[in-house]
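The values are calculated or read from the model by the stated rules, or taken from the named source; none is laboratory data. Just so it is clear, the model here is predicted, and its values are computed rather than measured. Methodologically, a virtual Cβ is constructed for each residue, glycine included, from the backbone with ideal geometry; neighbour enumeration extends over all protein chains shown. With ligands, DNA and RNA removed, areas are computed over all heavy atoms of the protein, side chains included. Shrake-Rupley method; radii C 1.70, N 1.55, O 1.52, S 1.80 Å.
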Amino acid sequence: MSRYQEAFRQADEYPELFWAEQAKRLPWYTPPTQILTYDDQQHARWFSDGEINICYAALDYHIEQGRAEQPAIYWDSPVTNAKRTLTYRQLRDQVAYFAGALAELGVEKGDRVVIYMPMIPEALVAMYACARLGAVHSVVFGGFAPHELAMRIDDAEPKVVVAASCGIELENIIPYKPIVDQALALSTHQPQACVIYQRSIHPATLGERDYNWDEVIANAPFAECVPVKSTDPLYILYTSGTTGKPKGVVRDTGGYAVALAYSMEAIYAMAPGEVFFTASDVGWVVGHSYIVYAPLLHGCTSVMYEGKPVNTPDAGSFWRLIEEYKVRSFFTAPTAFRAIKKADPAAELLAKYDISSLRYLYVAGERLDPPTFHWLDGLLDVPVIDHWWQTETGWPIAANQPGLEVMPIKAGSATVPVPGFNMQVLGRDGEQAAPMEQGSVVIKQPMPPGCLTGIWRDPQRFHSAYMAAFPGYYLTGDGGYFDETNYLFIMGRTDDVINVAGHRLSTGEMEEVVGAHPAVAECAVIGIHDMLKGQVPIGLVIPKDGFDGDEVTLENELIARVRDTIGPIACFKQVLVVNRLPKTRSGKILRKLLRNIADGKAFGIPSTIDDPTSLNDVHTAMCERDVGSADKATPLG
């Protein structure tokens, strides 16, 4: 039995013994003896009698172990032409004094603090300061509209809001203080105070309840860590959505810390003292887990990047960072590499940099399409590892796990389940799917440590959204299949499976075919309503930079490819060439929104969208080509 197989078997058959052993990685105030218990909804709770503080485990403990002068954070900001290095001691001290300032503003254990900041070290300081006090932080992506921020403030009911005076998107300054003010004007709940970090590039005018970051820490006491129960909440992170009230995913403290520490070794193959770079944002779960908490829990150095994969200044930014900071493992979303591939198809900029420090490249956040995988695999001398997880799980569900064993890579597959995740594929009636048969991907209870413990103040929504469909299983909402060798293939959200004349077809498979065309940089395939067949697919493609071919010819070639690969049954007969696709700021294409437009439904601008003008481009293209009922779709508001 391989090392991976043995770890998976132990976690599956003896979860309490397995996770009790993993918990020994961390410094507990009170080591847990009750390893696995269940709440009223029969959902797993981990280490319930243990006491810990994640700030102590990530900072103070490592200082005591001799890492005081090791860099904890490399901050690199090409948008401001600035860089900073914070050692473990420097970071701990900044955290402790800001925690003292929050305490003087009335923040206590269990209180909530909303954080609305860009990718600057102070965002990380604020998160750890909350954890140090036992307060619950809720980070809202910097730049979210006032209405969205207001909804989160009303749901979390923070005692304090922490914000920066501005963020920066490429060359554009985004003032944050007016957004906070508008959000508070809209929200019913009112915090006692707002702390504003003034960025010199665009200082804000402060109001009556506003406090200047530098001033509040100047005379603040040094706050010590407050022990909390393992099951006490560490943060609330709201899931993105186009309509309705956002879901506040609640993460516990001890289980999350144990899972992250385990993952840094088993999945990301990192050793203490090495440099880990995650190109994401602290507003997303990837940033929470693998910029802020996991690297420091493991004694590593974390790179925090305020920039883009392209245009800050060019498509060589990631390669430059890997060389400069001697990055060992690098993690980002597939959409970032599609942007790089579009701007620099031959990867000419890579030749400028020495990235020999890199051992592994990880991608997650959406499916890694095979064309992008093959492009990266052909460029790099390191394994390109696709892995799959969700905001709700907090850490990877399935991955190639080189810390346990390096496995063969299959394009389009997230490889195998991580120990602790008993994953199954079920049909509509709950029956087990056969190998190669698509169905709903679920996780058998108990969920391992680190996963969500509920929806903030809404247990019924938690049950109905995740537990009701298949009793005894957590519903991921993704569709996929296992192949004959137990490799997992995630094909997209289950609502991306379309029904064409009674045949269930995966738009993810069609995207693989379309994306493999040498002229295509990025694509989306969606199913739209059809009176005769129920649904039919259409493709939207972005050509690579420098494409000078005929769009009609490209369309015909793509239609022929899908027909040849999947068959006439796909009814793939229309392709639109567009300049942009609407995406979230984390890089996910808003496919449901595209379907709504094509089906003639009224559509709003989601709070998560990166470029709102992209909707108009797509809507116009659909109307010009008479796609579905797009001419009847109207923007809300």
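What the table below lists for this structure:
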{"item": "Test: residue in the stretch 339-351 that is in a strand (DSSP E or B), free of Cβ contacts under 8 Å to residues at least 40 places away in the same chain and aliphatic (A, V, I, L, M)", "result": "no"}
{"item": "Which numbered condition G283 fails, given (1) over 13 Å from the mean Cα position of the chain (by Cα); (2) of a type in the set (G, A, S); (3) assigned to a loop (DSSP other than H, G, I, E, B); (4) closer than 25 Å to D458 by Cβ", "result": "(1)"}
{"item": "Per-region count, the stretch 395-406, residues assigned to a loop (DSSP other than H, G, I, E, B) and out of contact with any Pro (no Cβ under 9 Å at 6 or more places or on another chain)", "result": "2"}
{"item": "Residue, nearest to A516 (Cα to Cα), within the stretch 546-597, restricted to residues that are open to solvent by less than 80 Å² (accessible area, probe 1.4 Å), modelled with pLDDT under 85 and β-branched (V, I, T)", "result": "I566"}
{"item": "Unmet criterion (only one of (1) at pLDDT below 90; (2) closer than 23 Å to I597 by Cα; (3) open to solvent by 50 Å² or more (accessible area, probe 1.4 Å)) for H503", "result": "(2)"}
{"item": "Index of the failed condition, A261 passing every other in (1) out of contact with any Ser or Thr (no Cβ under 8 Å at 6 or more places or on another chain); (2) on the phi > 0 side of the Ramachandran plot; (3) of a type in the set (A, V, I, L, M)", "result": "(2)"}
{"item": "Candidates N212, N219 - the one that is more than 28 Å from the chain's Cα centre (by Cα) and open to solvent by less than 50 Å² (accessible area, probe 1.4 Å)", "result": "N212"}
{"item": "Strands (runs of 3 or more DSSP E) contained in the stretch 156-242 and holding at least 2 residues free of Cβ contacts under 8 Å to residues at least 60 places away in the same chain", "result": "160-164, 166-169, 172-175, 193-197, 210-212"}
{"item": "Complete set of residues in the stretch 540-566 that are of a type in the set (K, R) and farther than 18 Å from G508 by Cα", "result": "K544"}
{"item": "Hey, G427 out of contact with any Lys or Arg (no Cβ under 8 Å at 6 or more places or on another chain), without any contact (Cβ under 8 Å) to a residue 24 or more places away in the chain and farther than 30 Å from S329 by Cα or not", "result": "yes"}
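For (1) farther than 21 Å from V406 by Cβ; (2) surrounded by 24 or more Cβ atoms within 10 Å (Cβ to Cβ); (3) in contact with a strand residue (DSSP E or B) (Cβ under 8 Å, 6 or more places away or on another chain), each residue gets a yes or a no:
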position: G254; (1), (2), (3): yes, yes, yes
position: A259; (1), (2), (3): yes, yes, no
position: Y262; (1), (2), (3): no, yes, no
position: H288; (1), (2), (3): yes, yes, yes
position: R320; (1), (2), (3): yes, no, no
